[in-house]
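Encoded as structure tokens, the structure appears first; notes follow it.
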Amino acid sequence: MSDLYDIPLRRIDGSDATLKDFTGKVLLVVNVASKCGLTPQYEGLEALYRARQGEGLEILGFPANDFMGQEPGTEAEIASFCSTNFDVTFPLFAKISVAGDGKHPLYKALTEARPKATGDEIMREKFAGYGFPPTPAGEVLWNFEKFVIGRGGKVIERFSPDVTAEDIRLTTALDRALKA
């Protein structure tokens, strides 16, 4: 079993957790934010969760305020926002940092296991065109970046923030992982 499973986490309600709680499941780990142009992705993520949870998929949302302060709320505010606006039922965790010096150990492990995201070059070019300074190579680029972890705890894929829950690249990776 992967060392990822031993990293201490905290759920959005304050209770302790680890990825061991999801042993045998395929995990889609997403850093989320409430005030981002990509926030509507919550809708697709929730639809994917409801459609595929019975097959062994768990979507894990990790609020992060690393990108232009787009997740400023408390855990209670974030939970309320997600429930009220998107009827989110997939597990949410306490706010963490996913980039930079204060990066949570989970995201350190994820980015080391998969330094490059599918779709990353295009998204980085878009950001450069908007005048946003890109994060260093290997770092999470923005909110809603996605990591797929297989049933055995291995990081098997990483997707840039603009790859949505409906994107064939993501659904194909999830199909393969769920059948493995």
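The values are calculated or read from the model by the stated rules, or taken from the named source; none is laboratory data. In this text the structure is predicted, and so the values were computed from the model without any measurement. All Cβ positions, glycine included, derive from the backbone under ideal geometry; neighbour counts span all protein chains shown.
Give the residue, chosen from Ala17, Ala64, Ala94, that is within 30 Å of Gly131 (Cβ to Cβ) and of a type outside the set (Phe, Trp, Tyr).
Matching residue, one of Ala17, Ala64, Ala94: Ala64.
I'd like to know if region 63-74 contains one or more residues that are surrounded by 19 or more Cβ atoms within 10 Å (Cβ to Cβ), touching a Lys or Arg at 6+ places or on another chain (Cβ under 8 Å), part of a strand (DSSP E or B) and at pLDDT 95 or above.
Yes, that holds for at least one residue.
Take region 122-152 and flag every residue that is more than 14 Å from Phe67 (Cα to Cα), in contact (Cβ under 8 Å) with a residue 40 or more places away in the chain and either crowded, with 18+ Cβ neighbours inside 10 Å or in contact with a His (Cβ under 6 Å, 6 or more places away or on another chain) (or both).
Lys146, Phe147, Val148, Ile149, Gly150
Does any residue in region 157-180 that is assigned to a helix (DSSP H, G or I) come within less than 6 Å, Cβ to Cβ, of a residue that is surrounded by 14 or more Cβ atoms within 10 Å (Cβ to Cβ) and charged (D, E, K, R) six or more places away or on a different chain, and which pairs are these?
Qualifying pairs under 6 Å: Ala173/Glu157.
Name the residues in region 9-46 that are touching a strand residue (DSSP E or B) at 6+ places or on another chain (Cβ under 7 Å), closer than 16 Å to Leu106 by Cβ and in a loop (DSSP other than H, G, I, E, B), would you?
Passing the criteria: Ile12, Thr18, Lys25.
Under 6 Å between Cβ atoms, which residue pairs at least 6 apart in sequence (or on different chains) link something in region 38-53 that is modelled with pLDDT of 95 or more with a partner that is loosely packed, with under 15 Cβ neighbours inside 10 Å and of a type in the set (Asp, Glu)?
Here the result reads Gly44/Glu166, each pair linking region 38-53 to a residue that is loosely packed, with under 15 Cβ neighbours inside 10 Å and of a type in the set (Asp, Glu).
Count, please, the residues in region 95-113 that happen to be touching a residue at least 24 places away in the same chain (Cβ under 8 Å), surrounded by fewer than 19 Cβ atoms within 10 Å (Cβ to Cβ) and in a loop (DSSP other than H, G, I, E, B).
Adding up the residues that qualify gives 2.
Determine which member of the set Ala76, Ala51, Ala47 is more than 16 Å from the chain's Cα centre (by Cα), within 30 Å of Ala180 (Cα to Cα) and hydrophobic (A, V, I, L, M, F, W, C).
Numbers: Ala76 fails: within 30 Å of Ala180 (Cα to Cα); Ala47 fails: more than 16 Å from the chain's Cα centre (by Cα).
Only one candidate passes the filter, namely Ala51.
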